[in-house]
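Working notes, beginning with the structure itself.
A short reminder: the numbers here are calculations on the coordinates, not readings from a lab. These numbers were taken from a predicted model, which means no experiment stands behind them. Cβ placement follows ideal geometry from the backbone for every residue including glycine, while neighbour counts extend to all protein chains displayed.
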């Protein structure tokens, strides 16, 4: 089965279960990163998607039960999402980062809220002589 067929199967099956949005939380650091959690949400998530406040909606909206809805669902979504996540700012290396990717099933549009951590360094230079301290 092709990637397109898989995606259409996921779309139809999830919508039949009442799901309109899929949101994945991801994080990483060091040299690796992963999608940690999926949320399957209904129409009440729409304002959060439209505003781009992806994480708020996962806490307040009703989650849809999709148990056994689509065989291999997690793998299909991971292939789809990682194709996008692996081509944006580096959220998995060094200091890492975290974020959310949300997929609207009706038109297959997505939004990514990506946050990257970084270490900031400030330089200060000082000079003097210990010779003066030895004379005292």
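Points to keep in mind about this one:
- Solution diffusion estimate, µm²/s, Stokes-Einstein, the chain, Kirkwood Rh from C-alpha pairs, 25 °C, viscosity 0.890 mPa s: 143 µm²/s
- Taking the chain and dividing mean pair separation by its residue count, relative contact order in percent (alpha carbons under 8 Å, at least six apart): 28 percent
- Taking the range 25-40 and a reference point 7 angstrom along Cα→Cβ of residue 74, the backbone N atoms nearer than 17 Å belong to 25-27, 33-40.
- Against the chain, whose longest principal axis is taken from its Cα atoms, helix 3-16 shows a tilt of about 70°.
- With each label modelled as a point 7 angstrom along the Cα→C-beta vector, the residue 12-residue 62 pair spans 2.6 nm.
- On Cα atoms only, tilt of 73-85 relative to the major axis of the chain in degrees: 40 degrees
- Using the rule -39500 (n - 2.57) for each DSSP H run of four or more residues, divided by the residues of the chain, the 222 nm mean residue ellipticity is -9500 deg cm²/dmol.
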